[in-house]
């Protein structure tokens, strides 16, 4: 083996066999529609690297390890104790406010329902205001003030 060996990226290889035709040493063959390189026969001439239209054949770089670029860790929201206690406090306070408001509303409705009607107990007949005559009964200015003079 004179040069560098090559490897096949099976995800990119389409099985077009362009590399098989380009290899003078006969080190490449198709297995199940994917190129396979026989490392014992490969001379490292890189003719297959240049012939591959998909870029599926790449030279093996020996003696140099290149680390993959670091990806930032995903950010996961974890509520802190303060946020949890504030949220719990708001929930408890909201329930308390709702309970007080409901109690006050129930008392107000109860008082309103317990009120006697405005004309109950007077013994007067109920006539709509349109049928009462002007100045009749005790209403009006004359009914509220004493009449002076003749």
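Bear in mind that the values in this text are calculations on the coordinates, not laboratory data. As the structure is a computational prediction, the values presented were derived from the model and not from experiment. Backbone-built Cβ (ideal geometry, glycine too); neighbour counts: all protein chains shown.
Inside segment 30-46, can you point out the residues that are closer than 16 Å to residue 58 by Cβ and not in a loop (DSSP other than H, G, I, E, B)?
If the condition is that a residue be closer than 16 Å to residue 58 by Cβ and not in a loop (DSSP other than H, G, I, E, B), then 34, 35, 36, 37 are the ones that fit.
Return the pairs, sorted by first residue and then second, in which the second residue is surrounded by 10 or more Cβ atoms within 10 Å (Cβ to Cβ), the first residue lies in segment 86-100 and is without any contact (Cβ under 8 Å) to a residue 60 or more places away in the chain, the beta carbons are less than 9 Å apart, and the residues are 6+ apart or on different chains.
87/79
Please go through segment 1-29 and pick out each residue that is part of a strand (DSSP E or B) and more than 13 Å from residue 52 (Cβ to Cβ).
Result: 29, single match.
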